[in-house]
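Only one structure is covered here, and it is reproduced in the block below.
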Amino acid sequence: MSQTAVLALGGNALARAGEPATISNQFRHARESVAPIVQLAREGWRIAIVHGNGPQVGDELARNELARREVEPLPLGVLVAATAGWIGYMLQQSLQNALRAAGVNRDVVTVITQTVIDPYDPALNRPTKPIGHALAEERVGELREWGFAVGRDGAGRWRRLAASPRPTGVLELGVVRRLVAGAVVIAAGGGGPPVYEHPLLGYEGVDAVVDKDWVAAIVARELSADVLMILTDVDAVYHGWGTAEARPIRRLTLADVGQLIAAGGVDEGGMKPKLEAAAGFVRDGGIRAVIARLSDGPAALRGEAGTTLVRTA
């Protein structure tokens, strides 16, 4: 029986720091990034992809502000759905072309899914998740005057901040489960637009963003995936990250993760949520989770790269 992998790709895989986030640049990076996914498909893996949208949704907010005198601005939740559509389109087309060139007969489909959250989650009142690109100092003051939340990210750069509640489910998981049996499925883009269930109106949207790694962990759990792969721009989890003594960690247990986080050994806005999501998947019954650089994906599956997280030693 084929194995199932859920891949979590960062939005920075398409929009690189220090480079204009043009559509042509993002398409180029999309086409460069799919080779490891094609290799997994060739090996027979069933694949679901969850991608981030931090840089892209921040740009959409900026477009909102620039056009606000001409057209009604769109709510953040709607912008998350919009980026899920157009980033999904870029990845879908890039994968279709690459699979066809490699002689791999596999359909690719993008599904706009909705992520369920708790409407009473206190995180909705505390914007903490950085989105968009780094801001110039003068832009920070301007955004604050307009009432937007800004703060420094893990690298010390000024960024827009959005509320980020913890996800509890994905509404369209049944559809994803049926599709992944025969297609590469791109779902929960940008973490998926967050929604809650109103007692009278049904599902209603929320102006927030949800961490895509946590949503990927939910998708992996519900699909009974064999592995959750969190693919990023860092080659592994490190001991002593940012110091001269930094060294990659090839294997972690749940107990190791708890100790690493408690000791403050991981970046709050960077590796910590990835480790927490990976640990959550394994704690909920998943066999293993992998954190690795995107290009190292197939090697990381073989235990030759990245960091593998398991329940016990």
Open item on the list: I need a count of the residues in the stretch 209-224 that are open to solvent by 10 Å² or more (accessible area, probe 1.4 Å) and either modelled with pLDDT under 95 or not small (G, A, S) (or both).
Closed with: 7
Open item on the list: Here's a check for you: in the stretch 23-72, which residue that is assigned to a loop (DSSP other than H, G, I, E, B) and open to solvent by 80 Å² or more (accessible area, probe 1.4 Å) is farthest from Q93 (Cα to Cα)?
Closed with: R69
TODO: Among the residues of the stretch 293-313, write down those that are among the acidic types (D, E) and either free of Cβ contacts under 8 Å to residues at least 12 places away in the same chain or touching a strand residue (DSSP E or B) at 6+ places or on another chain (Cβ under 6 Å) (or both).
DONE: E304
- [ ] Would you mention how many residues in the stretch 183-203 are under 23 Å from Q56 (Cα atoms) and part of a strand (DSSP E or B)?
- [x] 6
Task: Residues located in the stretch 9-22, provided they are in a helix (DSSP H, G or I), open to solvent by 20 Å² or more (accessible area, probe 1.4 Å) and more than 19 Å from P298 (Cβ to Cβ) - done: N12
TODO: Evaluate the stretch 89-96: report whether one residue or more is at pLDDT below 95 and touching a Lys or Arg at 6+ places or on another chain (Cβ under 7 Å).
DONE: no
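For the stretch 75-182, list the helices (runs of 4 or more DSSP H) that sit wholly inside it and hold at least 1 residues that are open to solvent by 50 Å² or more (accessible area, probe 1.4 Å), within 30 Å of R42 (Cα to Cα) and in contact (Cβ under 8 Å) with a residue 12 or more places away in the chain; which are they? It would help to see each step written out before you state the result.
Values: elements: 76-101, 137-145, 173-180.
Answer list for the stretch 75-182: 76-101, 173-180.
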Open item on the list: As an exercise: evaluate Y203 against (1) closer than 15 Å to V80 by Cα; (2) in contact with a Phe, Trp or Tyr (Cβ under 8 Å, 6 or more places away or on another chain); (3) open to solvent by 30 Å² or more (accessible area, probe 1.4 Å); (4) in contact (Cβ under 8 Å) with a residue 12 or more places away in the chain and give the number of the one condition it does not meet.
Closed with: (1)
Task: Where A208 falls short, out of the listed (1) at positive phi; (2) touching a residue at least 24 places away in the same chain (Cβ under 8 Å) - done: (1)
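The values are calculated or read from the model by the stated rules, or taken from the named source; none is laboratory data. Since this is a predicted model, take the numbers as computed values, not measurements. As a convention, Cβ positions derive from the backbone with ideal geometry for all residues, glycine included, and neighbour counts pool all protein chains shown. Protein only, heavy atoms only, side chains kept; ligands, DNA and RNA dropped before computing areas. Shrake-Rupley method; radii C 1.70, N 1.55, O 1.52, S 1.80 Å.
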